[in-house]
């Protein structure tokens, strides 16, 4: 199961040193899915994990938009990919987005 997200828009949870979440209803209704990926378009990073890791280490919590199944960053495999269009545009304008996604010049 793959989804796109933007850490610079606050979509990466700040819980437990950083975490990503999936809607619990999606997770529960698709037991055939064994791999989960999140493409962070802000940072140009792909996060991947498997169902067994979710089941062993994730927790459930309703953060105001329905129950989420949340997995801390330390349980994701992290792969850098090409920078997003927004990151490339910021560099062209002379900004450095850095790891936190905030402009610094």
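Within the range 53-69, residues that are under 15 Å from residue 26 (Cα atoms) sit with their Cβ atoms under 7 Å from residues that are in a loop (DSSP other than H, G, I, E, B), at 6+ positions apart or across chains, in these pairs: 69/58.
Tell me which residues, restricted to the range 42-65, are exposed (fewer than 15 other Cβ atoms within 10 Å of the Cβ), assigned to a helix (DSSP H, G or I) and touching a helix residue (DSSP H, G or I) at 6+ places or on another chain (Cβ under 8 Å). If the condition is that a residue be exposed (fewer than 15 other Cβ atoms within 10 Å of the Cβ), assigned to a helix (DSSP H, G or I) and touching a helix residue (DSSP H, G or I) at 6+ places or on another chain (Cβ under 8 Å), then 57 is the only one that fits.
Residue-by-condition table, conditions (1) at pLDDT below 90; (2) surrounded by fewer than 13 Cβ atoms within 10 Å (Cβ to Cβ); (3) touching a helix residue (DSSP H, G or I) at 6+ places or on another chain (Cβ under 9 Å):
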residue	(1), (2), (3)
11	yes, no, no
33	no, no, yes
73	no, no, yes
85	yes, yes, no
89	yes, yes, no
98	yes, yes, no
101	yes, no, yes
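The values are calculated or read from the model by the stated rules, or taken from the named source; none is laboratory data. Quick caveat: nothing in here was measured; it's all calculated off a predicted structure. Methodologically, a virtual Cβ is constructed for each residue, glycine included, from the backbone with ideal geometry; neighbour enumeration extends over all protein chains shown.
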